[in-house]
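So the structure is just underneath, and the comments pick up after that.
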Amino acid sequence: MDWAGLIQQARAGSDSALGIIVSRLRNYLLSVANAEMQTSVRSKFSGSDIIQQSMLEAHQSIGTFCGDSEGELKVWLKRIVLSNLIDETRRYRKTKRRDTSREISYDWNAQPLAQPNGQTASWLVSRNEFDQQLFAAVQKLPARQRHVIEARHRDGKRYAEIAKELGITEEAARKLWARGVAALKLAIGKSVSGTP
């Protein structure tokens, strides 16, 4: 499908069209995030974190995008990515949980690539793949379930807040969340096992 058609469908609410857009532009956006990320915060968050957050925002606001070409879409998404990168950088600098200037750079030749807790490079690659599968599965959820999942896990909102946003009871919001989580477990399970 051409870019204009994909964009039109995504704007109309098609999760599959948005999924195709994300898959086509993910590497480009990741290179943007990594190129602009300051060295001092690279140990705090990754380009993939920024992309995931940005794609969730793009999903919520794609209806406001006015362009119809790949170039216009790249500019729009790049703006979202850079905005999130700036926000994350500011947030980590403000928390001052740790002085990044005191961190010791890793000697790549000293030992096999591993995290302090024993997570290897292959584990990190697998985690990234899982995150991509999870993002795709969230995009396929019905709109209200997706809203509850994103509000709870991305925005940290309470069920009462979510219920008010959706105009439903708190109990109904909890049930929507439970159904969404069950659907995600099923989708991810199928994805990992290779079941269609």
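The numbers here are math on the coordinates, done by the rules we state, and not lab data. Quantities reported herein were computed from a predicted structural model and do not represent experimental measurements. Neighbour counts run over all protein chains shown; Cβ positions are idealised from the backbone, glycine included.
Considering only S46, A10, L77, whose Cα is most displaced toward the positive end of the charge dipole of segment 1-96, charges sitting on Cβ of Lys, Arg (+1) and Asp, Glu (-1)?
Checked the options; the winner is S46.
To the nearest 20 Debye, how big is the dipole of segment 1-96 about its Cα centre, given +1 on the beta carbon of each Lys and Arg and -1 on that of each Asp and Glu?
Approximately 640 debye in magnitude.
Of the cross-linked pairs K164/K185; K44/K185; K94/K140; K94/K175; K74/K164, which ones have a Cα-Cα span greater than 31 Å in the structure shown?
From the list (K164/K185; K44/K185; K94/K140; K94/K175; K74/K164), the Cα-Cα distance tops 31 Å for K94/K140; K94/K175; K74/K164.
Which length gain, in nm to one decimal place, applies between K94 and R42 when the Cα-Cα distance is subtracted from 0.36 nm times their residue separation?
17.2 nm
Report the extension gain between T169 and F65 in nm, rounded to one decimal, defined as 0.36 nm multiplied by the number of residues separating them, less their alpha carbon distance.
Full extension from T169 to F65 adds 34.2 nm.
Using mean Cβ contacts within 10 Å as the protection proxy, how do 15-22, 73-80 order, highest first?
By packing density, highest mean first, the sequence is 15-22, 73-80.
Going by a ≥ b ≥ c, the root eigenvalues of the Cα gyration tensor, does segment 1-96 fall in the rounded group (a/c under 1.5), the prolate group (a/b larger than b/c) or the oblate group?
Note, shape of segment 1-96 comes out prolate.
Dipole size in debye (nearest 20) for segment 1-44 around its Cα centre, Lys and Arg Cβ +1, Asp and Glu Cβ -1?
180 debye
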